[in-house]
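> Here's a structure for you.
All of the numbers you see were taken from the coordinates with simple rules; none came from a lab. Keep in mind that what you see is a predicted model, and the values were worked out from it rather than measured. Every residue, glycine as well, gets a Cβ built from its backbone with ideal geometry; the counts of neighbours run over all protein chains shown.
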């Protein structure tokens, strides 16, 4: 399948552009070998740590070749994946990041999601699950490893002191529920009969009111408030 090939319904079916960031070259080679076998994905860059990833992204940006999704290791030298994710989301908010790590500690999961990660996978995940996570991130969905989802649910059940937040409007609550269902801005707009731009504005307002930085956090907030089922519980 060639890049920028339109589907019969006119939608863009160009390959998902993926970047790999991991300090172990064997991990990058393994993931790259699998993803390159798929017709709808192409590897556009690699890096061995967070700092190198930012340098590579600057180079790709200069050539209008930024990735759609980054698979990001968490523990790396110089700049770790959490700091890199936060900086990438600041500089390139349209790029989605999926954390890919050997660790399931709750603090690392929350730190990655707080930094803006759109998913969290363990390195022992099957290859097809990695591809599923990439597809989900590209759509704006949340994809969590089942073990991670279970750990998050345990933490969500525990009562937590919360700072007062500005109340959401009824329309914003509707949008929040759709975010938790993994709907993209375009899908939210279609379902609520509003423009994609208006949907994007609602999402931005929701994040601002709740003091959140990502759709993933918004989805988890919806779970905690009982507006949506927990990830992996359906």
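> Using the per-residue mean of other Cβ atoms lying within 10 Å as a proxy for protection, in what order, highest first, do the peptides 141-148, 20-27, 168-175 fall? Display every interim value, and only then the final one.
On the way: 141-148: 21.9, 20-27: 18.2, 168-175: 15.8.
By packing density, highest mean first, the sequence is 141-148, 20-27, 168-175.
> 7 Å from Cα along Cα→Cβ at both residue 166 and residue 83: what's the point-to-point distance in nm?
Distance between label points: 3.2 nm.
> Sticking with this one: Viscosity 1.306 mPa s, temperature 10 °C: what is the translational diffusion coefficient of the chain from Stokes-Einstein with a Kirkwood Rh over Cα pairs, rounded to a whole number of µm²/s?
Values: Rh = 18.2 Å.
D = 87 µm²/s.
> Can you give the Kirkwood hydrodynamic radius for segment 16-155, in Å, rounded to one decimal and based on Cα pairs?
Numbers: mean 1/r = 0.0685 Å⁻¹.
When all Cα pairs of segment 16-155 are included, the Kirkwood radius is 14.6 Å.
> At 20 °C and 1.002 mPa s, what whole-number value in µm²/s does Stokes-Einstein give for the translational diffusion of segment 163-224, with Rh from the Kirkwood sum over Cα pairs? Spell out each step's value before the answer.
On the way: Rh = 11.3 Å.
Stokes-Einstein gives a translational diffusion coefficient of 189 µm²/s.
> Can I ask one more? Quick one: length gained pulling residue 33 to residue 106 fully straight, 0.36 nm per residue minus the C-alpha distance?
Values: separation 73, 0.36 × 73 = 26.28 nm, distance 3.04 nm.
Contour length minus Cα-Cα distance gives 23.2 nm.
> Still on this structure: So for each of 193-201, 77-85 I average, over its residues, the number of other beta carbons within 10 Å; can you give me the resulting order with the highest mean first? Let's see the in-between values first.
Values: 193-201: 14.3, 77-85: 20.4.
Those peptides, ordered most packed to least, come out 77-85, 193-201.
> Measuring from label point to label point, each 7 Å out along Cα→Cβ, what is the residue 173 to residue 187 span in nm?
Roughly 2.3 nm, to one decimal.
> Of the DSSP beta bridges with both residues in the chain, give the percent that are antiparallel, rounding to the nearest 5.
Values: 1 of 21 bridges.
Expressed as a percentage, antiparallel bridges in the chain total about 5.
> Ranking request for peptides 110-118, 61-69: highest mean number of other beta-carbon atoms within 10 Å first, then the rest in descending order.
Values: 110-118: 23.6, 61-69: 14.6.
Highest mean packing first, the order is 110-118, 61-69.
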